[in-house]
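Beneath this line is the structure, given in structure tokens, with notes to follow.
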Amino acid sequence: MPENKAAKIAEPFVCGGTAATMASIAIHPMDLAKVRMQLFGQLNPGKPVPGFSTILTNMVKSDGITSIYKGVDAAIGRQLVYGTARIGLHRAISDEFKKRNDGKPINFGMKTLSGMLSGSIAVCIGTPFDIALVRLQSDSMAPAAERKNYKNVMDALTRTVKEEGLAALYKGLAPNILRGMSMNVGQLACYDQAKEMVAKLLNDPMTNGPAFTTQIGASLVAGFTAAAFSMPFDLIKSRLMAQKPDPMTGKLPYSGVVDCAVQILKKEGPLGLFSGFSAYYGRCAPHAMIVLLCTESITSGYRKAWGY
């Protein structure tokens, strides 16, 4: 049936985007803490970076419980665009590779290529929402006189364009592409590979899809690899997206990806590239598990609803 064909084409995008949005809402407080930890070294050089629990506790004490969901509208908008594209494209590209491989499972190299292609394309589409999200999350860290006090995601987007031009919505695009590629490889490609390996260990034939235990094991692996692969790029991306011109000189703190990385290494050492890793892993692992597990469940329900 024509409608079933359309439903099959839309399946990875609808199911993946829904799962990504659900996961983003669930782990938003950890994502907020992660961004603040990443920016702390830039705003407070030489001072020890507080833990994510300390950051969240202080926010609740000073601004109330709703403060830990600051920017959640931007996070939802980002996942509806970026999450839908990166997961949907990865599944679509992987399926095409599998089809060209006579229906046989593809190797890890092809899975990696699919992850890199889908991740880079998705980032180019979703970066404006990423900019809005980072700015909404980091604005209250700036001195009172320098705060923008954005009302919501649309306010952040429109004011950024008015005050800094359209190009400002694509600040940090290069590290964001690198982050998107590494995240997709670490999360989706590694999940696909880990699923096959865990299934063999557990003697799961995966006749009607992977067993729940297989999904859990594979998602745990993917949560770690996603965080480890993408952390340095995510840190650089956050710094470039949040940077503002010096009020006296008008000069930006960083001139680009390489300059940002070099300054972090000089001022904060190699471990500076992994500043906020506890919060980042605390965000990536649950996020990966929720996305991957929900995608499997939502896909199963989606197929039943469409009768195929």
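The values are calculated or read from the model by the stated rules, or taken from the named source; none is laboratory data. The shown structure was predicted, so the numbers you read here are calculated from the model rather than taken from an experiment. When we count neighbours, we look across all protein chains shown, and the Cβ atoms used for this are built from the backbone with ideal geometry, even at glycine. These area figures cover heavy atoms from the full protein model, side chains too; ligands, DNA and RNA do not enter into them. Shrake-Rupley method; radii C 1.70, N 1.55, O 1.52, S 1.80 Å.
I need the full set of residues from the stretch 251-270 which are touching a Gly at 6+ places or on another chain (Cβ under 7 Å) and open to solvent by less than 60 Å² (accessible area, probe 1.4 Å), in order please. Show your work before the answer.
Within the stretch 251-270, the first condition is being touching a Gly at 6+ places or on another chain (Cβ under 7 Å), and the residues that meet it are 264-265, 268.
Across the stretch 251-270, the qualifying residue is only I264.
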Query raised in the report: Of (1) more than 16 Å from S182 (Cβ to Cβ); (2) part of a helix (DSSP H, G or I); (3) basic (K, R), R86 satisfies all except one. Which?
Result: (1)
Requested in this report: Inspect the stretch 55-77 for any residue being part of a loop (DSSP other than H, G, I, E, B), modelled with pLDDT under 90, at negative phi and over 21 Å from the mean Cα position of the chain (by Cα) and give the result as yes or no.
Outcome: no
**Report entry** Where a residue in the stretch 123-150 is touching a residue at least 24 places away in the same chain (Cβ under 8 Å) and more than 24 Å from V49 (Cβ to Cβ) and its partner, wherever it lies, is of a type in the set (D, E) and crowded, with 24+ Cβ neighbours inside 10 Å, with Cβ under 9 Å and at least six apart
**Finding:** V123/D130
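Looking for something surrounded by fewer than 23 Cβ atoms within 10 Å (Cβ to Cβ) and under 30 Å from D192 (Cα atoms) - is there at least one such residue anywhere in the stretch 62-72? Can you show your working first?
Of all residues in the stretch 62-72, those surrounded by fewer than 23 Cβ atoms within 10 Å (Cβ to Cβ) come to 62-70, 72.
Imposing the further condition that a residue be under 30 Å from D192 (Cα atoms) reduces the set to 72.
For the stretch 62-72, residues surrounded by fewer than 23 Cβ atoms within 10 Å (Cβ to Cβ) and under 30 Å from D192 (Cα atoms): present.
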Query raised in the report: Taking only pairs six or more apart or across chains, which ones have beta-carbon atoms under 8 Å, a first residue in the stretch 192-205 that is farther than 18 Å from L292 by Cβ, and a second residue that is open to solvent by less than 30 Å² (accessible area, probe 1.4 Å)?
Result: P205/A199
Query raised in the report: What number of residues in the stretch 30-49 are in a helix (DSSP H, G or I) and either open to solvent by less than 20 Å² (accessible area, probe 1.4 Å) or of a type in the set (V, I, T) (or both)?
Result: 9
Query - Residue among F229, F233 that alone is buried (at least 17 other Cβ atoms within 10 Å of the Cβ), touching a Pro at 6+ places or on another chain (Cβ under 6 Å) and either of a type in the set (K, R) or within 18 Å of G83 (Cβ to Cβ) (or both) - result: F233
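Of the residues A168, A242, which is in contact (Cβ under 8 Å) with a residue 60 or more places away in the chain and open to solvent by less than 40 Å² (accessible area, probe 1.4 Å)? First the steps, then the outcome.
Working: A168 fails: in contact (Cβ under 8 Å) with a residue 60 or more places away in the chain.
That would be A242, the only listed residue that is in contact (Cβ under 8 Å) with a residue 60 or more places away in the chain and open to solvent by less than 40 Å² (accessible area, probe 1.4 Å).
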